[in-house]
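> Below is a structure I'd like to ask you about.
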Amino acid sequence: MSFSSDVKSELYGSISKARHCQIAELSAIISFGCRIDVEDNNSTICLEQHNERLQKKLFFLIKKTNLFNESDGILKENVEEILKACKFTYKESIEDSQLDYVNKMVFQQPCCKKAFIRGAFLSSGTISDPNKSYHFEIVSRTERQADELKEVLEFFQVGAKIVRRKNHFVVYLKEGSHIVDVLNVMGAHKSLMDLENVRIVKEMRNSVNRKVNCETANISKMINASVKQIEDIHYIEKRIGLSNLPEVLGEMATVRLEHPDAPLKELGEYLSTPIGKSGVNHRLRRISDIADKLRNQEE
């Protein structure tokens with residue numbers, strides 16, 4: 001199974017004990033994943049897409065809230081009572097019910113907000129494999145529905161964004177830390193730990209890669225500097241001879257030629273009077289300046 005399926009499998013079994021939270025989750029499932037069909041004056045609430053586990057949870061929540069029992073997989077009675085309990089509004093008939101908006105009275109308390117987010121995700125949400133990328137999204141019917149969901153997420157300091165995709169509006173998260181937060185809010189604690197383990201491994205790998213890249217850059221820089229220093233020394237040797245350099249610079253030039261791959265600190269230890277890294281660097285810069293002056297004279 002995919003990581004998204006694993007998360008949903010965990011959440012299907014998560015049932016709030018309080019009736020008000022059960023109604024909040026039920027309202028989200030209906031709002032994000034159901035439609036109302038009316039035929040021969042009979043109203044039914046149906047899932048937009050076939051999903052046996054979500055359908056079972058839908059029926060279970062309705063039973064728990066004492067609203068109705070299932071019949072042939074479709075809710076055929078008391079639809080009006082269900083919609084009233086979930087605070088949906090409609091104009092003249094049930095068919096006109098506005099499922100894209102849930103009255104905020106349904107999720108006033110933090111626990112109800114958590115249940116509402118869980119129901120929305122189970123109905124129309126997905127989450128990518130964290131080994132590949134960090135992406136969490138819930139598809140909304142309308143912009144108003146997306147704004148409402150975004151507001152609920154922001155209550156938990158989860159910075160969601162909205163993007164339009166064809167005829168829908170998608171509420172999404174791209175930050176791994178925000179996805180961890182929303183998994184915690186929904187109650188998917190096992191999946192949260194799985195995601196955290198992946199994040200730890202990825203962060204360690206990235207840290208190692210950064211250090212390796214930094215070391216590689218430093219080594220490359222050191223090699224380039226060493227090549228330039230040796231070229232300058234050979235040029236001076238050819239033009240005027242190393243013996244014409246000041247004694248400390250002549251010794252420095254000889255040591256560099258004898259140890260072309262040695263770092264500056266190590267070069268300082270080879271001198272008759274050892275000096276530190278900054279002292280070696282200063283003498284090599286003076287040698288380079290002399291070489292540049294000789295080149296300018298030649299031009």
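> Limited to region 118-136, what total is found for residues that are surrounded by fewer than 22 Cβ atoms within 10 Å (Cβ to Cβ) and charged (D, E, K, R)?
Residues in region 118-136 being surrounded by fewer than 22 Cβ atoms within 10 Å (Cβ to Cβ) and charged (D, E, K, R): 2 in total.
> When you go through (1) touching an Asp or Glu at 6+ places or on another chain (Cβ under 7 Å); (2) of a type outside the set (D, E, K, R); (3) surrounded by fewer than 21 Cβ atoms within 10 Å (Cβ to Cβ) one by one for ALA115, which number turns out not to apply?
Going through the list (1) touching an Asp or Glu at 6+ places or on another chain (Cβ under 7 Å); (2) of a type outside the set (D, E, K, R); (3) surrounded by fewer than 21 Cβ atoms within 10 Å (Cβ to Cβ), ALA115 breaks only (3).
> Which one is farthest from ARG295 (Cα to Cα), of the residues in region 229-274 that are crowded, with 17+ Cβ neighbours inside 10 Å and of a type in the set (Val, Ile, Thr)?
If we take residues in region 229-274 being crowded, with 17+ Cβ neighbours inside 10 Å and of a type in the set (Val, Ile, Thr), then VAL255 is farthest from ARG295 (Cα to Cα).
> What do you reckon, is GLU48 surrounded by fewer than 16 Cβ atoms within 10 Å (Cβ to Cβ), within 32 Å of the chain's Cα centre (by Cα) and either assigned by TED's automatic domain parsing to the domain that holds GLU143 or at pLDDT below 75 (or both)?
Details: surrounded by fewer than 16 Cβ atoms within 10 Å (Cβ to Cβ): yes; within 32 Å of the chain's Cα centre (by Cα): yes; either assigned by TED's automatic domain parsing to the domain that holds GLU143 or at pLDDT below 75 (or both): yes.
Yes; evaluated as a whole, the condition is true for this residue.
> Still on this structure, please answer the following. Of all residues in region 138-152, how many are more than 13 Å from GLY119 (Cα to Cα) and either without any contact (Cβ under 8 Å) to a residue 60 or more places away in the chain or outside the structural domain of ARG164 (by TED's automatic domain parsing) (or both)? Steps first, please.
At the first step, the residues of region 138-152 found to be more than 13 Å from GLY119 (Cα to Cα) are 141-148, 150-151.
When the remaining residues are screened for being either without any contact (Cβ under 8 Å) to a residue 60 or more places away in the chain or outside the structural domain of ARG164 (by TED's automatic domain parsing) (or both), the result is 142-144, 146-148, 150-151.
So the answer is 8.
> To continue, here is another question. Please find, among ILE82, ILE29, ILE36, the residue that is at pLDDT below 85 and touching a Leu at 6+ places or on another chain (Cβ under 6 Å).
Sole residue among the options that is at pLDDT below 85 and touching a Leu at 6+ places or on another chain (Cβ under 6 Å): ILE82.
> Now a separate question. Could you tell me whether any residue of region 188-208 is over 30 Å from GLU25 (Cα atoms), among the basic types (Lys, Arg) and either out of contact with any helix residue (DSSP H, G or I) (no Cβ under 9 Å at 6 or more places or on another chain) or at pLDDT below 90 (or both)?
Restricting attention to region 188-208, the residues satisfying the condition of being over 30 Å from GLU25 (Cα atoms) are 200-208.
Keeping just the survivors that are among the basic types (Lys, Arg) gives 202, 205.
Okay, now just the ones that are also either out of contact with any helix residue (DSSP H, G or I) (no Cβ under 9 Å at 6 or more places or on another chain) or at pLDDT below 90 (or both), so 202, 205.
Looking for residues that are over 30 Å from GLU25 (Cα atoms), among the basic types (Lys, Arg) and either out of contact with any helix residue (DSSP H, G or I) (no Cβ under 9 Å at 6 or more places or on another chain) or at pLDDT below 90 (or both), one finds at least one in region 188-208, hence yes.
> Can you find a residue that is in contact (Cβ under 8 Å) with a residue 24 or more places away in the chain, hydrophobic (A, V, I, L, M, F, W, C) and over 26 Å from HIS168 (Cβ atoms) anywhere in region 22-45?
Within region 22-45 (the criterion being in contact (Cβ under 8 Å) with a residue 24 or more places away in the chain, hydrophobic (A, V, I, L, M, F, W, C) and over 26 Å from HIS168 (Cβ atoms)), the answer is no, since none of the residues qualifies.
> Of the numbered conditions (1) surrounded by fewer than 12 Cβ atoms within 10 Å (Cβ to Cβ); (2) more than 33 Å from the chain's Cα centre (by Cα), ASN206 fails exactly one; give the number of that condition.
(2)
> Something else about it: Going through region 140-173 one residue at a time, which ones are within 23 Å of GLU48 (Cα to Cα) and either under 18 Å from the mean Cα position of the chain (by Cα) or among the aromatic types (Phe, Trp, Tyr) (or both)? Don't jump to the end; show me each part of the working.
Taking region 140-173 first, the residues within 23 Å of GLU48 (Cα to Cα) are 140-150, 162-172.
Correct list: LYS150, ILE162, VAL163, PHE169, VAL170, VAL171, TYR172.
> Right, here's the next one. Which helices (runs of 4 or more DSSP H) sit wholly inside region 141-241 and have at least 2 residues that are farther than 30 Å from TYR101 by Cα?
Answer list for region 141-241: 189-239.
> Suppose we filter region 105-136 for residues that are out of contact with any Ser or Thr (no Cβ under 6 Å at 6 or more places or on another chain) and either small (Gly, Ala, Ser) or more than 15 Å from ILE29 (Cα to Cα) (or both); how many remain?
18
The values are calculated or read from the model by the stated rules, or taken from the named source; none is laboratory data. The structure presented is a predicted model; accordingly, all values stated were derived computationally and were not measured. Using ideal geometry, Cβ is built from the backbone for each residue, glycine included, and neighbour counts are taken over all protein chains shown.
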